[in-house]
Amino acid sequence: MWMEENDHEFLRALHEEKIRTQNERAQLITMKLAFITVLFGLSSVNMGIGIDIADIFWLLYFVPLVAISYDLYIMSADSRIKRVGIFLGRNPVSLAGKAEREWERFCTSYRDGMAPSANLFFSTIVTLGAAAFIHTQGGWSDGFMRLWFAVWLVFSQTAIIVLWMRHQMLIKNIGDYEPFERERRAGQ
């Protein structure tokens, strides 16, 4: 298949983008772990400077928000990696070698569901951990605070699960990509 010189440059840039985004995803996961650890640490340590735990435990309400924010970035990077990989592996114009095409096909067939599930599991655990710690601090015995706590917990868990499900559907759709499928359907 004949390609323009710009196509070669574009395909090389796609390969570089895939590697860069894989590194970005790894950094985001590390940052998520570190940031949430710091939030838990700040909310559970008496810093010896007169700040009581009861004064700052409310920081834990931000744990799910932080986890979800990082999850969005991680999922975005993950889907970009998968898009590039599927395109390079399945599109004849990509000039990917036989080994690369087979590798992409293999990766699509035997997709690792552990990493996205681990991310979901971590976000769920830290949200439940934050809820447990907030619950132990009391101070939410009146009706409004109980309602706020319940809404916060249910909304946080629902958002985490919905985002994970949406990401799984997106990855499946990316994996179903067939080059020139639209043109083939239109010709039928």
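Just so it is clear, none of the values below were taken in a lab; they were calculated from the coordinates. Everything numeric here is computed off the predicted structure, so don't read it as measured data. For neighbour counting, all protein chains shown are included, and Cβ atoms are generated from backbone atoms with ideal geometry for every residue, glycine included.
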Inset, instruction - Give me the number: length gained by fully extending Tyr177 to Leu72, i.e. 0.36 nm times residue separation minus the C-alpha to C-alpha distance, one decimal in nm. - result: 35.5 nm
Legend entry - Net length gained if the chain between Phe62 and Arg111 were fully extended (0.36 nm per residue, minus Cα distance): 14.4 nm
Inset, instruction - Pull up the cross-link candidates among the lysines for Lys98, meaning alpha carbon to alpha carbon under 24 Å and not fewer than 8 places away within one chain. - result: Lys18, Lys82, Lys172
Legend entry - Cα extents of region 70-169 along the three principal axes, largest first (Å): 65, 18, 17
Inset, instruction - Net charge near Gly175: determine it from the other residues with C-beta under 9 Å of the C-beta of Gly175, scoring Lys and Arg +1 and Asp and Glu -1. - result: +2
Legend entry - Förster radius 30 Å - calculated FRET efficiency between Glu17 and Ala132, Cβ distance, rounded to 0.05: 0.15
Legend entry - Added length on full extension, which subtracts the Cα-Cα distance from 0.36 nm per residue, Thr37 to Arg146: 36.7 nm
